[in-house]
Amino acid sequence: MLRYLLCCCALCVILASHHCYASSVRIKAVVDGKAITSLDVSRRTKANAFFYKTAHAGSDQGEVLQSLVDESVLELEAKELGISVGKRELEAEASKMFSVLGVCDGLSVGECVAQNGLDYKSVEDHLRSRVIWSKILATRVAPFLAVSDSDVENYVDEAKSAGLETVLDLEQVFVPFKAGNVLDSVLSELNKGVALDKIASRYREHAVYADRAVGVTASAFLPDVKISLVKAKVGQVIGPIRIDRGYLVLKLLNKVKVSKGFLNSSASIKRVSVARSDHENVLRVMKGRGANCDTFDGIAKNMGLDATSLDVRVGDLASKLQFMLSNAELGEVLSSAAAAGGDSSEGEKVDLIVLCGVSQGGSPTAEEVYKIKQAVYTEKLVSASGRLMESIRGRHFTKKF
């Protein structure tokens with residue numbers, strides 16, 4: 001109670017003095033009596049523009065202000081917990097950050113800010129907060145995180161449940177921080193529908209990576225990205241999303257809902273590939289002759305076609321094909337053209353498929369268990385980190401203006 005009383009008194013003093021220089025500098029927030037000004041926000045925005053080379057990183061004034069508030073809160077926590085940050089730790093963190101961002105190679109913090117007209121204290125405060133947060137996580141979160149056998153079992157049980165999973169086909173482009181100056185161009189081209197291979201070729205010298213991902217589950221993404229993908233419409237561009245070493249931009253190509261149990265099962269199918277121009281006639285003949293799992297091979301052979309048998313993991317298929325198979329009857333002959341929805345060109349082949357069986361996967365392999373544990377650990381770490389930061393914020397008096 002005393003802390004909040006003192007903070008309120010300090011706030012009154014700050015507000016009273018605010019009018020003395022309101023024309024040039026404004027108070028944007030107060031954290032336990034410490035003022036954060038518009039000048040602080042301006043200095044950090046300038047630093048963000050230099051480090052990340054794009055308006056998408058730290059240009060939102062509200063986000064910049066919140067980051068400054070969080071840094072102030074972490075400094076206060078560090079004092080209470082007896083956490084210190086040495087010069088070597090600061091320079092090591094700077095070296096790591098500069099390397100990821102592709103700036104100030106081989107320079108110290110002081111040299112970097114001096115050569116680029118940045119505010120030393122703003123950059124130093126940011127680096128200090130990164131070190132402090134890492135130390136807090138190392139002592140208050142990481143030691144208490146563990147993935148048990150029951151966690152793995154629950155994960156597997158959920159994957160085999162009847163609940164629905166949103167499955168996506170995506171175009172995805174990764175732009176490293178050091179190439180942030182081309183991010184706007186990449187976003188523009190994705191929105192205009194420029195072919196992915198052209199984007200990849202055009203920005204190859206900037207280490208921009210582009211590819212298409214099919215059959216991706218929405219749950220594979222962090223919660224905020226998952227929500228955006230689930231709400232997005234086909235053709236919509238999502239991002240840029242800041243990840244470890246750059247920005248991820250996603251374009252939604254297709255979205256369906258498939259039961260988790262079917263998604264994580266294996267399907268036995270038979271198929272033949274025919275020219276797109278012939279597939280409707282071939283499909284009509286096959287259905288007319290009563291093609292099913294037992295007769296498919298023979299009918300295909302009589303038509304001069306080679307049939308193949310495959311066991312495929314449903315989750316490895318494109319989303320529309322997953323959806324089509326999930327609604328198919330055993331022995332029913334289907335056309336991949338229906339799953340493509342007209343996306344394929346006239347010159348491409350079309351697969352005629354018959355679903356012969358669906359089997360649940362057995363116990364996960366050692367490699368699958370490792371991946372499950374990594375996924376569960378990451379989920380726990382993100383959740384625990386978020387709760388801890390909210391708890392820390394709640395222990396300090398903050399007022400924004």
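The values are calculated or read from the model by the stated rules, or taken from the named source; none is laboratory data. Just so it is clear, the structure is predicted and the values come from calculations on it, not from any experiment. Backbone-built Cβ (ideal geometry, glycine too); neighbour counts: all protein chains shown.
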Among the candidates VAL354, VAL358, VAL376, VAL312, residue that is more than 20 Å from SER268 (Cα to Cα), surrounded by 12 or more Cβ atoms within 10 Å (Cβ to Cβ), hydrophobic (A, V, I, L, M, F, W, C) and modelled with pLDDT of 85 or more:
VAL376
Among the residues of the range 149-172, are any small (Gly, Ala, Ser), without any contact (Cβ under 8 Å) to a residue 40 or more places away in the chain and farther than 30 Å from GLY246 by Cβ?
yes
Of all residues in the range 108-161, which are of a type in the set (Ser, Thr, Tyr) and in contact with a helix residue (DSSP H, G or I) (Cβ under 7 Å, 6 or more places away or on another chain)?
SER108, TYR120, SER122, SER129, TYR155, SER161
Between a residue in the range 46-57 that is at pLDDT 70 or above and any residue that is aromatic (Phe, Trp, Tyr), which pairs come within a Cβ distance under 7 Å, given they are 6 or more apart or on different chains?
TYR52/PHE177
Tell me the residue from LEU76, LEU65 that is under 26 Å from the mean Cα position of the chain (by Cα), in a helix (DSSP H, G or I), closer than 21 Å to ARG393 by Cα and not acidic (Asp, Glu), please.
LEU65
Please count how many residues of the range 170-195 are farther than 22 Å from VAL234 by Cβ and not in a strand (DSSP E or B).
9
Working carefully through the options ALA138, ALA94, find the one that is crowded, with 20+ Cβ neighbours inside 10 Å, within 30 Å of ALA384 (Cβ to Cβ) and of a type in the set (Gly, Ala, Ser).
ALA94
